[in-house]
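Values quoted throughout were computed directly from the atomic coordinates according to the rules given, and no laboratory measurement underlies them. Not measured: the values here are computed from a predicted model. Neighbour counts are summed over all protein chains in view; Cβ atoms, including those assigned to glycine, are modelled from backbone coordinates with ideal geometry.
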Amino acid sequence: MNFLRELWDAVIYFLFPPRCPVCREFADERYQLCAACQQKILRLDLYDQKVPPIDKVLRVTKYRGGSREMLRALKFDDNLRVVPAMKKILDDVSDRTEILSLLAAVDCATIVPLHADRLKERGFNQTELIFGEWLAKKNLPPKNFLIRAIATPKLYNLGKAERQKVLSGVFAPLEPVDLRGQKILIVDDIFTTGTTCRECATVLKSLGAEKIFVLAFAADFGENLGDNRR
Ligand SMILES: [Zn+2]
């Protein structure tokens with residue numbers, strides 16, 4: 001049986017060799033990036049910054065190159081094949097001091113919610129796909145504190161001021177909850193203008209949260225503000 005299994009795997013490998021989900025070049029492993037794309041992304045960048053009312057923002061990658069390609073594939077094309085490569089990138093930074101001290105400093109974690117209609121349309125919350133399992137492994141299974149009460153238009157073509165206007169008052173508490181003294185980690189897929197996370201932080205702080213930290217899979221802190229700002 002084992003022999004047949006191995007033979008079958010070899011046939012599949014031959015007929016459908018693994019390809020990089022970003023550039024479609026051949027890759028060593030199925031669902032993982034090719035060496036060239038790895039190189040471009042794995043200059044892991046844990047740059048942090050304070051963006052009031054958020055106390056600290058940490059990013060896993062810069063929002064450019066392969067990292068940006070993967071997020072676009074996931075969000076705009078619903079291409080789930082990029083998820084394993086993203087999770088691997090997250091695993092690769094897991095033991096970095098910056099990440100360990102961030103995780104040690106928080107009481108719980110939460111994921112930026114999608115509006116119910118968007119969630120239904122897309123079928124998944126992309127941030128949950130990237131971070132959900134990882135947070136659970138870190139003993140911080142994501143909790144839901146917020147809902148996105150108002151559906152917003154897609155944000156990527158909007159500038160900072162427009163985003164602020166559109167997103168103001170969009171998030172509301174899921175239910176009355178006392179977060180006094182809590183240090184909360186918000187995870188999000190993309191952080192550029194920071195408007196979305198700042199809106200979440202404002203609501204969480206109004207519920208009593210003491211500190212809000214953000215961990216973004218990809219962020220642009222102004223060095224490269226192109227399109228797709230959020
Ligand atoms: Zn590639």
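Miscellaneous remarks
- Estimated FRET transfer efficiency when R0 is 41 angstrom, pair ASP107-CYS23 (beta carbons, to 0.05): 0.55
- Share antiparallel - DSSP beta bridges, the chain, percent rounded to 5: 25
- Virtual spin-label span in nm between ALA116 and LYS165, 7 Å along Cα→Cβ: 2.8
- Cα-centred dipole magnitude for the chain, charges only on beta-carbon of K, R (+1) and D, E (-1), debye, nearest 20: 500
- Semi-axis lengths (Å, descending) of the ellipsoid that matches the C-alpha gyration tensor of the range 1-40: 25, 9, 6
- Inter-centroid distance (Cα atoms) of the range 25-103 relative to the range 160-224, Å: 20
- Note on the chain: dipole from Cβ charges, positive end direction compared against LEU135, VAL166, ALA151; the farthest Cα belongs to VAL166.
- Helix-derived mean residue ellipticity, 222 nm - over the chain, DSSP H n ≥ 4, -39500 (n - 2.57), to 500: -12000 deg cm²/dmol
- Here the gap between LYS88 and ASN139, fully extended at 0.36 nm per residue and compared with their Cα-Cα distance, gives a gain of 16.5 nm.
- Relative contact order computed over the range 1-40 (Cα-Cα under 8 Å; 6+ residues apart), in percent: 26
- Prolate/oblate/rounded label for the range 45-102 (Cα gyration tensor, a/c 1.5): oblate
- Relative exposure of LEU33, LEU119, LEU135, judged by other C-beta atoms within 10 Å (fewest first): LEU119, LEU135, LEU33
- Look at ASP178, ASP220, ASP48, ASP78 and count the other Cβ atoms within 10 Å of each Cβ; fewest to most, that gives ASP178, ASP78, ASP48, ASP220.
- Under the criterion of Cα pairs below 8 Å and six or more residues apart, the relative contact order for the range 42-219 equals 30 percent.
- Packing, taken as the mean count of other beta carbons within 10 Å per residue, orders the peptides 151-161, 2-12, 207-217 from highest to lowest as 207-217, 151-161, 2-12.
- For the chain, the list of Cys residues with no other Cys C-beta under 4.7 Å reads CYS23, CYS37, CYS108, CYS197, CYS200.
- Ordering 14-23, 64-73 by mean Cβ neighbour count within 10 Å, with the highest value first, yields 64-73, 14-23.
- Screening the chain for whole DSSP H helices with an alpha carbon extent of at least 15 angstrom along the helix axis and a mean Kyte-Doolittle hydropathy of at least 0.5 yields 2-15.
- The coefficient of translational diffusion for the chain, derived via Stokes-Einstein from the alpha carbon Kirkwood radius under 4 °C and 1.567 mPa s, stands at 70 µm²/s.
- Rough spin-label spacing in nm, given labels placed 7 Å along Cα→Cβ, for ASP9 and TYR156: 3.7
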